[in-house]
Amino acid sequence: MSIKISTTFFLIFGIITTIISFQFIEIMNSSIGAFFKNSLSKRIVDKRPIILWGHPRSLSSAFERAFRQRSREFYVLHEPFCQEFTERKQQLKCNYLNSTIEPLFFSTLNNIFKPYYYKNDQSKPLRVFIKDISTCVIRSSIQSIENIKKMRHTFLIRNPKKSVKSLYKACLETDKIYKKYLNQTKNWFKTISPGLMNLKKHFDLIKNVTNEKIVLVDADDLEREPKKILRKYCEMIGIEFKNDMLEWKVENVQWGTWRGFINNSWLKNAEQSTGFGKIIKKEEKEEQIVYPQSVYDTIIENIPHYEYLYEYRIKI
């Protein structure tokens, strides 16, 4: 009888031990798998250039200044496509925005994808951050699937009730400063104003080509809650947020070939500001002007594009 009980006991004990062993192995496998998966994900860091696409007067140059505070981590390029676009237009002596000639941007792409290092120290590579305007590339060959996937695309929008008026002011001031050469505020404004329409087209293209969640910031949200918005922006593109991005000094900024030509009328607010909210307040204090009907018509034309993009904005 005792032998039978002992046999039964050891049989049950063996079954229980086997079950526990299998469960332990399964737990260990899943833990080890998770460990290696997490370790691997930490090692696979996205090094693609980050590009912020905006439209004229969307506060994108101020956004750029936030990344300029992180010079040990990022090499910042200011509107490289737009600058090559404009130079090419001047060479051809045509209204490039309305021409059928396609910009190639070979030199710009080479500059974007070449390596950069902090103080030329090759042990300290820098990730590229670009700020540019969608209008300049909407018909170009860089919109190929191959090129699109080589960059991490983000977007910035601003209510046309603010951006369009700001655009007209910038054109008007440019006209006053360079009246000897330009004297064509209406032409400048008409040529540049379809910014939100082109940004929407660009946004849809990027959204359809990539499988990534599109990161889009609304300028009003950025002005109200800069820390929360920038923190979320950084989280979505997989980089660390730093408080240094919230404030900067009043200083001359190297805006590429733009400096000396349109700096006074287009970039002065970004240069003379020390943070996002202060840019808005500075604009609001500017001298009031009487806007022509074309400004209000342009606002109305751009509102549907703005409202469409607004639905995709970062929400906090």
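The values are calculated or read from the model by the stated rules, or taken from the named source; none is laboratory data. The structure displayed is predicted, hence computed values, not measured ones. Don't worry about glycine lacking a Cβ; one is built from the backbone with ideal geometry, like all the others, and counts go over all protein chains shown.
Restricting to segment 232-264, name every residue that is part of a loop (DSSP other than H, G, I, E, B), surrounded by 13 or more Cβ atoms within 10 Å (Cβ to Cβ), among the β-branched types (Val, Ile, Thr) and at pLDDT below 90.
Narrowing segment 232-264 to residues part of a loop (DSSP other than H, G, I, E, B): 238-242, 247-255, 259-262.
From the residues that got through so far, the ones that are surrounded by 13 or more Cβ atoms within 10 Å (Cβ to Cβ) too are 239, 241-242, 247-248, 253, 255, 259, 261-262.
The next check asks that each one be among the β-branched types (Val, Ile, Thr); those that pass are 239, 253, 262.
The answer is Val253, Ile262.
State yes or no: is Ile229 out of contact with any Asp or Glu (no Cβ under 7 Å at 6 or more places or on another chain), surrounded by 14 or more Cβ atoms within 10 Å (Cβ to Cβ) and among the hydrophobic types (A, V, I, L, M, F, W, C)? It would help to see each step written out before you state the result.
On the way: out of contact with any Asp or Glu (no Cβ under 7 Å at 6 or more places or on another chain): no; surrounded by 14 or more Cβ atoms within 10 Å (Cβ to Cβ): yes; among the hydrophobic types (A, V, I, L, M, F, W, C): yes.
It is false that Ile229 is out of contact with any Asp or Glu (no Cβ under 7 Å at 6 or more places or on another chain), surrounded by 14 or more Cβ atoms within 10 Å (Cβ to Cβ) and among the hydrophobic types (A, V, I, L, M, F, W, C).
Just to confirm my filter: which helices (runs of 4 or more DSSP H) fall fully inside segment 85-196 and include at least 1 residues that are under 27 Å from His305 (Cα atoms) and at pLDDT 80 or above?
So the answer is 145-148, 160-177.
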